[in-house]
Amino acid sequence: MEALKADPVLGIDGIILKEEPEADKLRESQTEREMVPPAGNSIHRSGSRPQLDLSKAAIQGNFEERDPTILLPNQSDDISHLALDIGGSLIKLVYFSRREDRSIDDKRKKTVKERLGISNGNRRSYPILGGRLHFVKFETHKINECLEFISSKQLHRGGLDSHGWQSENPANDNVVIKATGGGAYKFADLFKERLGVSLDKEDEMDCLVAGANFLLKAIRHEAFTHMEGQKEFVQIDQIDLFPYLLVNVGSGVSMIKVDGDGKFQRVSGTNVGGGTYWGLGRLLTKCKSFDELLELSQRGDNRTIDMLVGDIYGGMDYNKIGLSASTIASSFGKAISENKELEDYRPEDISLSLLRMISYNIGQISYLNALRFGLKRIFFGGFFIRGHAYTMDTISFAVQFWSKGDMQAMFLRHEGFLGALGAFMSYEKHGLDDLMVHQLVERFPMGAPYTGGQIHGPPLGDLNEKISWMEKFVLKGTEITAPVPMAPPGTTGLGGFEVPSARGGTLRPDASNLNVGVLHLVPTLEVFPLLVDLKKYEPNTIDLGDHSELEYWLTLLSEHLSDLVDKAVASEGGTDDAKRRGDAFACAFSAHLARLMEEPAAYGKLGLANLLELREECLREFQFVDAYRTIKQRENEASLAVLPDLLVELDNMSEERRLLTLIEGVLAANIFDWGSRACVDLYHKGTIIEIYRMSRNKMQRPWRVDDFDLFKKRMLGSGDKRPQPHKRALLFVDNSGADIILGMLPLARELLRHGTEVVLVANSLPALNDVTAMELPDIVAEAAKHCDILRRAAEAGGLLVDVMVNSLDGSKDNSPSVPLMVVENGCGSPCIDLRQVSSELAAAAKDADLIVLEGMGRALHTNFNARFKCEALKLAMVKNQRLAEKLIKGNIYDCVCRYEPAS
């Protein structure tokens, strides 16, 4: 591939949610009852778990769109997506938002779902792309702000997302909201008076435990340890989770022994907790808020107040009993012997001394209770902690000291929302008890704009204006002249996790008004059943734990940013609004990259797939639904124009020559990847067809990884012995344009010719120029106009309805055909993590005996080393020099054809 050399940048490989033409809608509705799938081709569901949680609300389209309709066909309680924990100091809210695309009756999607054996029951058949759990808090004495927030977003009436539903269903005067905490009783009348809702009170301990169990079982990278300013995420095997000690540090402290779901006992507690710290701190320092008191501790030096072991022993350690000179012998002990008044002590020192006194006490009592019951794990939660490094370090030190290093304190990222989460899950209709690991995952926290850095523009008045970057930076017209959000020196940004420092460094001034983050609910995600060993599966082939590797890829993404912004703005017509959103996206994504450079573990264990997903999440946050829409449409049209000639050329070849040409065509077409700067440069050197043909002509074997002969033998056999054809092939497709139309579709056609069912697996949401599950039916329909094989297979698979297209020789062949189907993979990233795929894909995999992974994102960046229970073919052109050297010890534009028999 010498002729294609260019500067290597990023070689990485999304779905435009497209409305069906009205004519198609009418034609499909007329033929709906006639579409009965042929026997023997159904894909049975892989489990009995409900496909749609949360009262079986039917969501369609892109969940990131603004103001979508929420369809609640079986919902009798219209506000079951909101729950509160009203404590003595803080009110915590958890609410669920759901998004849908334009209202479409996608008959083809419904047909595929029917073919997959998934019963729609009495819910609607719209595609479900998930939603989000939001976390917000208010100080209890500002309860009016909380009520205004609920009212402004209509959370007690179904939310602002539900305009269409509300228009069909009058507001319910008997609305009930789940709530826990003492305030659920204290403020019940106020909620009824102001919002017209009743508070259904849930037991506080039940909710705490339910919330903790949910987080520990369902959220990856939720739990972490924190020692000496360093946090490390801990993934806990569900089998080994129970029993554990849950220490909830609120105004007071409760210690709960948890033995399982709904099985717990409050075994101890202490009245010295967050309320003690805040109460004494307020008296001693005159601080006006809890967070102001915490901020003071950042700059404090407790040695001016606390009596240390060294103060007693002349600066020496007390080695005999294992006490260092810096160990606190008596909190506030120096105040006894010094002739000073309160005003003679720095508020900063008082705050830190008080914080350490209470934290050490909590840590010690917690360890003693864990020892008492023989518990291996202690999890700390509650808003006293607030991700504050000094607090966590102090508690961790106490647990480690008293256990002599045998036990570690563990913390939760959503520590303060345990009760609210438990109350949220108490809605029985939600079916949240059926959630499996990874069905709710915390995405990159983009919900709050203030994580430090300098914000330019008018100040925002209330929490409602701080919920999303989109609202603040674009809709509110705030000028962005600095990378936002950036973590200030000494911190790591959203969620706290401050780096300990005796002096300097500050907490966010508005920390009390921040929501913690967002959990994305994707009810249909499952583990891909054809993985050989889930425990050994690691999707990322690039180790970003290596700082130089991380720096390289972060730099690459940064360099690619300006081109991506240009494409995103162009996709929205280049309007002033699109330009503003493009600038905001660039600032936000740059800030994420800068933060990850400083703290790689900020969002949990990091892989290249996570980086690429982060970029797509940022694009969607700023309402760029499909940044490459225009480019994809243009490339699809150009490729479809030459497809008939290519098919004629293929049909005139011998079977053996055709198979080689098909694989060469897949590799050559995979060069069209707008995620690679090296490939983008090629677009300026010729048309898409010229580049494709040039690339195919350069496919000289042997390739860098070349298992074609093994694959040919499996497909064609040797001598007179013909092998049994594959029953079902899953083709994980990559880019739009030539890649899918001139590469993968002809390969799919060949498999169909052999009698193999073919399932095209494509992204659920847009990512770069990747083809998507919603785009594929239109592409297949156009291709089928020139090919009877594709036409009959698409009809059998439900992709075409009543298509009256004559065959190429003028006759119509009504012979039965194996189906060609399309399923979404549950992903919106150029890469794919097979631990989290759509239920349709998991179901389709049950009868599959061949997997084809195509493209760098799916076959190289991820899953190059994955082992499968069935045969696998991994095809890609390498479009990044560093990856070529690391993975295959080759060069840019080397080709990979890796065939692996069933394991």
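Per-structure values
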| item | result |
| --- | --- |
| Note, ³J(HN,Hα) from phi for segment 176-184, Karplus 6.51, -1.76, 1.60, rounded to Hz, x at Gly and Pro | 10, 10, 6, 8, 9, x, x, x, 4 |
| Long-range HN-HN contacts of G269 with modeled amide H, under 5 Å | M255 |
| Probe 1.4 Å - accessible area at I143, Å² to nearest ten | 10 Å² |
| Protection-proxy order for peptides 289-300, 759-770, each taking the mean of Cβ atoms within 10 Å per residue, highest first | 759-770, 289-300 |
| Rounded to the nearest 10 Å², the accessible area of T630 at probe 1.4 Å | 70 Å² |
| Protein-only accessible surface order, largest first, of E572, E750 at 1.4 Å | E572, E750 |
| Cα gyration tensor shape of segment 268-402, rounded if a/c is under 1.5, else prolate or oblate by comparing a/b with b/c | oblate |
| Accessible area per residue, Å², segment 830-903 with all protein chains present, probe 1.4 Å | 24 Å² |
| Relative contact order computed over segment 224-316 (Cα-Cα under 8 Å; 6+ residues apart), in percent | 14 percent |
| Heavy-atom accessible area order for W402, W278, W703, largest first, 1.4 Å probe | W402, W278, W703 |
| Convex hull volume of segment 689-755 per residue (C-alpha atoms, cubic angstrom) | 124 Å³ |
| Amide hydrogen neighbours beyond the local backbone of M821, cut-off 5 Å, H modeled | V758, V759, L760 |
| Residue order for Y277, Y185 - accessible surface, 1.4 angstrom probe, largest first | Y185, Y277 |
| Cα gyration tensor shape for segment 549-661, rounded if a/c is under 1.5, else prolate or oblate | oblate |
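The values are calculated or read from the model by the stated rules, or taken from the named source; none is laboratory data. None of these values were measured; they are calculated from a predicted model. Heads up, the Cβs are rebuilt from the backbone with ideal geometry, glycines too, and the neighbour counts pull from every protein chain shown. Note: accessible area is taken over every heavy atom of the protein model, side chains too, but ligands, DNA and RNA are not part of it. Shrake-Rupley method; radii C 1.70, N 1.55, O 1.52, S 1.80 Å.
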